[in-house]
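The values are calculated or read from the model by the stated rules, or taken from the named source; none is laboratory data. Treat the numbers as computed from the prediction; the structure is a model and nothing was measured. In this analysis, Cβ positions are derived from the backbone assuming ideal geometry, glycine residues included, and neighbour counts consider all displayed protein chains. Ligands, DNA and RNA are stripped out before the accessible areas are found, and what is left, the full protein with its side chains, is counted by its heavy atoms. Shrake-Rupley method; radii C 1.70, N 1.55, O 1.52, S 1.80 Å.
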Amino acid sequence: MPSPRFLIGLVLVLVVCVATAYVLTQRGEDEPGGSTTAQPVTVTCLGGSEKTELMADPEIRQLLKDRYGLTVVYNPLGSYDQVQLSADELAKRKADCLWPSSASAQSVFESLHAGAYPQYRAETVLQSPEVIYAGPQGTDALVKAGIVSKRGDRYFIVDMKKLLLEHVLKHRTWESLGAADLRGPIAVNSTDAAKSNSGFTLAQLQLNIIATDDVFSAPSLAQAKKALTTVRAVYDAQGLQAAGSDAGFRQWLTQGAEFHAPLYAGYENQLIQLVVQLGPDSAGLLKDVRVLYPDPTIYSDHPILALNDNAIRFLDAMKDPQIQGIAWRKYGLRSGVQVGLSKASDFPTLPLAEQIRTTTPPNAEVTLALLACVRDASKC
């Protein structure tokens with residue numbers, strides 16, 4: 001019969017083995033790259049078109065599958081179209097989550113669906129500032145007019161109110177600013193604010209500027225109502241607009257950049273993504289494109305609105321440091337959760353701003369009033 005000392009030793013060995021196995025199991029579950037015991041699921045998410053290529057990326061899809069047991073079906077839809085769908089329509093589309101390109105869109109969803117989803121959770125995982133793309137001639141003319149300031153090799157729009165009220169609304173021309181080969185009225189073009197978030201973010205920024213004396217403050221509903229007709233006039237000055245952010249930016253480039261539209265609003269990440277895709281071939285593109293940062297601008301947040309537990313798994317998975325790194329290095333989307341990950345120095349050929357001043361977008365009530373205005377002039 002084994003001695004008591006032997007039995008005690010055997011018990012201690014078993015305790016150590018069980019404890020070690022438990023620690024390793026927890027580490028595998030908690031650390032990125034660890035094995036997952038989660039049941040494989042498919043998550044359907046409605047999201048902005050600008051993230052289509054990100055969610056089709058083979059590396060990201062593999063990481064989601066291997067680490068988190070997730071297969072994601074991504075269906076592009078405009079940010080404000082997503083968040084205004086009824087609960088019945090969301091159920092019909094089998095939507096587990098929404099992924100708009102705006103914190104304002106999130107606030108609209110929450111105002112319309114308060115209490116409808118007990119498991120609801122939302123968090124901004126990615127972000128990209130709204131910028132104005134321009135060419136060398138238009139930029140130089142705006143610098144001379146005191147509207148744009150050059151700091152080092154970066155450009156900032158320091159007097160957006162003057163640009164809008166004294167030039168766009170008064171139908172001044174590029175010839176009046178001495179822009180050598182540019183013709184026609186001065187306007188800030190974008191995608192259609194009634195359909196696309198990059199265009200609507202511009203409209204929100206314009207509303208902040210026009211409706212308030214302090215651009216760093218979002219307007220009240222009363223302030224907004226007084227300014228809506230002016231914002232609508234700025235919107236109408238654009239003429240025909242593209243419906244989607246990704247297609248609109250590529251169209252701007254292929255149709256002549258500043259000779260197509262001297263000023264074009266979009267996301268910072270759109271140029272980064274294109275430069276990464278083109279590689280060395282992007283050198284010719286860069287010489288004719290300037291990135292103008294409105295000072296302040298509005299960050300286009302990309303919050304995942306998780307409607308159930310499976311979507312919460314997806315939300316948490318998208319915060320994985322490796323996935324966040326891919327989103328920045330390949331698609332130019334700044335991290336919304338990883339401090340210090342998105343460094344402008346990662347793209348030495350691009351004059352990206354490291355620090356950006358931002359203003360607060362309007363609340364849900366003001367956002368819906370602005371959206372109604374750009375969709376129907378009679379509601380301004």
Count of residues meeting criterion [in contact (Cβ under 8 Å) with a residue 12 or more places away in the chain and either hydrophobic (A, V, I, L, M, F, W, C) or at positive phi (or both)] in the stretch 311-346: 14
Neighbours by Cβ (under 7 Å, 6+ apart or cross-chain): first from the stretch 256-278, closer than 12 Å to N189 by Cβ; second in a helix (DSSP H, G or I) and open to solvent by 20 Å² or more (accessible area, probe 1.4 Å): E258/Q137
Meets criteria (open to solvent by less than 60 Å² (accessible area, probe 1.4 Å), closer than 30 Å to R313 by Cβ and either at pLDDT 95 or above or within 23 Å of the chain's Cα centre (by Cα) (or both)) for V108: yes
Any hit, the stretch 370-380, residues being of a type outside the set (S, T, N, Q), modelled with pLDDT under 95, closer than 30 Å to R154 by Cβ and out of contact with any helix residue (DSSP H, G or I) (no Cβ under 9 Å at 6 or more places or on another chain): no
Residue in the stretch 88-97 that is under 14 Å from H113 (Cβ atoms), in a strand (DSSP E or B) and at pLDDT 95 or above present: yes
Entirely in the stretch 209-323, the strands (runs of 3 or more DSSP E) that have 2 or more residues that are more than 26 Å from L177 (Cα to Cα), within 22 Å of the chain's Cα centre (by Cα) and modelled with pLDDT of 90 or more: 299-306
Scan of the stretch 297-334 for residues that are open to solvent by less than 10 Å² (accessible area, probe 1.4 Å) and not aliphatic (A, V, I, L, M), ordered by number: T297, S300, H302, P303, F314, D320, Q324, G325, W328, G332
Filter result for R290 (farther than 28 Å from K94 by Cα, of a type in the set (D, E, K, R) and surrounded by fewer than 17 Cβ atoms within 10 Å (Cβ to Cβ)): no
Single match in A103, A141 (criterion: surrounded by fewer than 23 Cβ atoms within 10 Å (Cβ to Cβ) and over 21 Å from the mean Cα position of the chain (by Cα)): A141
